[in-house]
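Take a look at the structure set out below.
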Amino acid sequence: MAARTKDPSIIDAAKNVVTDARDVFRVFARTLYYLFRGKREKGEVARQMFAIGNESLFFMCITMAFIGAIITFQTGLQSRKLLPDFSLMGATYLKLLVRDLAASVGALPLATRVGAGIAAEIGSMVVTDQVDALRMCAADPIDYLVVPRFIACVVMGTVILIIGGFVAYGSGLLVANLAFDVTPSTFNNLMYLNLGDVALGFFKCLTYGAAIAVVSAQRGLATFGGSEGVGWATTEAVVGSSFAIIVLNLIISTFGYFLVPSVGPG
Amino acid sequence: MSVEVRVGVLILVALGLLGAFIFVLGGVELGDQYSVYVDFDNPGNVQPGASVNVGSIRVGEVEGIEYWGQRLDPDTGRRPMIRMHVRIDTEVQDTIHEDALFYVTSQSVLGESILSIDPGNPEKPTLEDGAIVEGVDPPRLDLAFAMAYELLEGMTDLLRDNREDLGDLLSSAASAIRRADEFLAEHDDRLDRIMENVETATSQTNELLTTANDTMNGRVQRVLRNLDSTLARVSDDIDPLMTDVRSLTAKADDAMDALGPEQRQQIQDILAEADRSVTDARAIVAHIRSGRGSVGAFVMDEEIYDDVQEMLRDLKHNPWKLFWRE
């Protein structure tokens with residue numbers, strides 16, 4: 001893993017981005033390799049799933065509830081300025097939520113919590129030489145440390161984002177009803193949705209879960225410099241994970257626009 | 001509760017929510033559907049996957065839109081520009097009839113374009129699977145806007161290029177209106193009288209026309225009745241008359257055929273003699289009319305006529321003058 005300066009110039013920052021991207025792909029490739037070929041500690045995957053999924057549930061539900069309420073409220077306000085017709089608010093909101101917002105917006109707070117945890121945990125092991133000890137025991141840290149978190153993050157990240165999406169939908173429905181008198185039956189309009197939208201959103205959830213795990217693990221494994229380094233690794237894991245989510249969103253949405261037929265707006 | 005169970009419960013909850021959502025989302029489309037093909041010249045902004053509604057109820061979706069480019073369809077004999085493949089739920093098939101109207105509308109003012117169905121007359125047969133119907137094209141708002149824009153642009157150019165002329169025209173029109181107003185104000189009494197006269201004349205003309213109409217109607221009706229009667233008689237008599245004429249003509253032809261050349265020459269001679277006699281008679285009549293000769297004088301000269309009349313009257317009173325001359 002490449003070390004970096006704390007106050008890089010623009011050229012150094014660009015070099016760091018390239019180096020980080022290369023390291024991320026390397027970690028990802030080795031993770032996929034050990035996903036099928038490695039051997040993991042019994043119960044480790046379940047523990048990681050619990051930590052990433054169950055322990056994030058409350059935080060994610062609250063966050064997504066607020067996000068859903070805010071989006072619906074702002075949508076209603078802007079719609080009322082343009083045209084006081086809220087009959088398609090639910091259909092449009094559901095379309096955006098399923099196709100993009102539930103996964104992309106939900107993955108950002110998930111990255112802050114889960115990504116930071118993964119980077120801090122692995123980074124602490126790196127600075128306390130536990131990872132070197134694993135290597136001395138001929139155990140690849142990717143196999144023992146990253147793969148369980150990768151599996152947990154992909155599975156439970158998707159689970160959390162699905163639940164978060166439903167919470168956001170419920171809060172949006174509530175706000176639409178309270179603030180704009182949109183009845184639940186009107187709001188609950190699946191007219192613009194099709195299974196392609198659900199598949200696209202589901203694929204984004206899987207991808208973001210994997211990205212959070214890989215980027216955060218890579219930053220954890222690249223930690224240096226003691227406890228301060230762990231702090232930097234944690235920060236960079238959140239930043240890197242968020243950046244990866246946004247870039248992946250752009251790529252997947254672009255492919256999705258052409259590959260997944262869309263009905264209605266968006 | 002162990003960690004594995006808690007994790008499993010959360011996963012099951014998420015899978016349950018996702019499965020229910022997919023079921024609700026796809027539930028409408030999982031039922032049996034049948035196909036209808038709708039031809040349009042311009043289907044507006046309807047896209048594949050758009051909702052197909054009866055009223056506000058979704059009963060199907062647009063499966064696909066195919067460009068035909070006015071190629072001849074041998075099945076229908078039509079040349080569609082666009083053919084839309086529509087999938088409709090089988091459960092509503094018995095409510096959509098052969099004269100159903102398929103038209104493009106939108107879910108709301110700014111909503112998505114959808115295909116809407118007016119189900120048609122319930123006494124007509126239902127629309128079969130695979131039927132091809134003609135859709136009602138939506139209004140071409142884009143075309144209307146383009147034409148309106150062109151019109152506005154033309155008007156703008158006209159106003160800009162002829163600003164001075166239009167100004168003169170408007171000032172002239174204003175001046176003319178002002179003068180007309182003054183004229184009307186000045187001759188208000190006369191105009192009132194003129195209007196009254198016109199009204200009176202119109203009233204009298206109406207009365208006259210009414211009277212004439214009654215009179216003429218009676219006469220015309222009588223004439224028409226007489227004409228009808230005459231025509232009826234003529235119609236009754238025309239057939240025997242024509243028969244007689246034909247018979248007479250045939251007899252004349254027979255008689256002419258029976259005559260020999262000598263007799264025909266004699267007839268011609270007689271006719272020539274008659275012609276000459278007629279000519280002489282005409283000459284004599286002309287002579288008499290001119291008052292020449294005794295007869296001419298007696299006939300044409302009123303003085304001689306009066307003398308003769310006086311003489312006869314005198315003889316009536318004095319018959320002895322026949323025997324004794326004074």
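The values are calculated or read from the model by the stated rules, or taken from the named source; none is laboratory data. Model, not experiment: these values are computed from the prediction. Methodologically, a virtual Cβ is constructed for each residue, glycine included, from the backbone with ideal geometry; neighbour enumeration extends over all protein chains shown.
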Quiz prompt | Filter result for the condition that a residue is under 30 Å from B:Glu61 (Cα atoms), touching a residue at least 24 places away in the same chain (Cβ under 8 Å) and not acidic (Asp, Glu), over A:Thr207, A:Thr254, A:Thr186 | solution = A:Thr186
Quiz item: In the range B:151-160, is there at least one residue being surrounded by 14 or more Cβ atoms within 10 Å (Cβ to Cβ) and not hydrophobic (A, V, I, L, M, F, W, C)?
Solution: no
Exercise. Quick one: which residue in A:Ile160, A:Ile142 is in a helix (DSSP H, G or I) and under 17 Å from the mean Cα position of the chain (by Cα)?
Key: A:Ile160
Exercise. For the range A:18-43, name all the residues that are within 14 Å of another protein chain (Cβ to nearest Cβ) and over 19 Å from A:Ala138 (Cα atoms).
Key: A:Gly43
Quiz prompt | Condition met for A:Thr183 (polar (S, T, N, Q) and under 20 Å from A:Ala119 (Cα atoms)) | solution = no
Practice problem: Evaluate the range A:106-121: report whether one residue or more is in contact (Cβ under 8 Å) with a residue 24 or more places away in the chain, hydrophobic (A, V, I, L, M, F, W, C) and within 22 Å of A:Gln74 (Cα to Cα). | Solution: yes
Quiz item: In this structure, does A:Ala176 turn out to be in contact (Cβ under 8 Å) with a residue 24 or more places away in the chain, within 30 Å of A:Arg113 (Cα to Cα) and over 26 Å from the mean Cα position of the chain (by Cα)?
Solution: yes
Quiz item: Of the conditions (1) more than 11 Å from chain B (Cβ to nearest Cβ); (2) not in a helix (DSSP H, G or I), A:Asp85 fails just one. Which one is it?
Solution: (1)
Exercise. State whether the residues of the range A:84-105 include one that is modelled with pLDDT of 90 or more, among the β-branched types (Val, Ile, Thr) and surrounded by 18 or more Cβ atoms within 10 Å (Cβ to Cβ).
Key: yes
Self-check item: Options A:Phe255, A:Phe202; residue that is surrounded by fewer than 24 Cβ atoms within 10 Å (Cβ to Cβ) and either within 14 Å of chain B (Cβ to nearest Cβ) or not in a helix (DSSP H, G or I) (or both)
Solution: A:Phe202
Exercise. Could you list, in sequence order, all residues of the range B:50-66 that are facing chain A (nearest Cβ under 9 Å) and buried (at least 18 other Cβ atoms within 10 Å of the Cβ)?
Key: B:Ala50, B:Ser51, B:Glu61
Quiz item: Going by the conditions given, is B:Arg292 among the basic types (Lys, Arg), surrounded by 11 or more Cβ atoms within 10 Å (Cβ to Cβ) and out of contact with any strand residue (DSSP E or B) (no Cβ under 7 Å at 6 or more places or on another chain)?
Solution: yes
Quiz prompt | A:Asp197 in contact with a Lys or Arg (Cβ under 8 Å, 6 or more places away or on another chain), within 26 Å of A:Asn249 (Cα to Cα) and not in a loop (DSSP other than H, G, I, E, B) | solution = yes
Quiz item: So which of B:Val36, B:Val3 ends up being surrounded by 13 or more Cβ atoms within 10 Å (Cβ to Cβ) and within 12 Å of chain A (Cβ to nearest Cβ)?
Solution: B:Val3
Exercise. Enumerate the pairs (first residue in the range A:47-74 and closer than 11 Å to A:Leu110 by Cα; second residue anywhere and of a type in the set (Ser, Thr, Tyr) and not in a helix (DSSP H, G or I)) with beta-carbon separation below 8 Å, excluding pairs fewer than 6 apart on the same chain, so at least 6 apart or on different chains.
Key: none
Quiz item: Any residue at all in the range A:162-170 that is buried (at least 23 other Cβ atoms within 10 Å of the Cβ) and in contact with a Ser or Thr (Cβ under 6 Å, 6 or more places away or on another chain)?
Solution: no
Exercise. Could you tell me whether B:Val86 is buried (at least 20 other Cβ atoms within 10 Å of the Cβ), in the same structural domain as B:Ser116 (by TED's automatic domain parsing) and at pLDDT 85 or above?
Key: yes
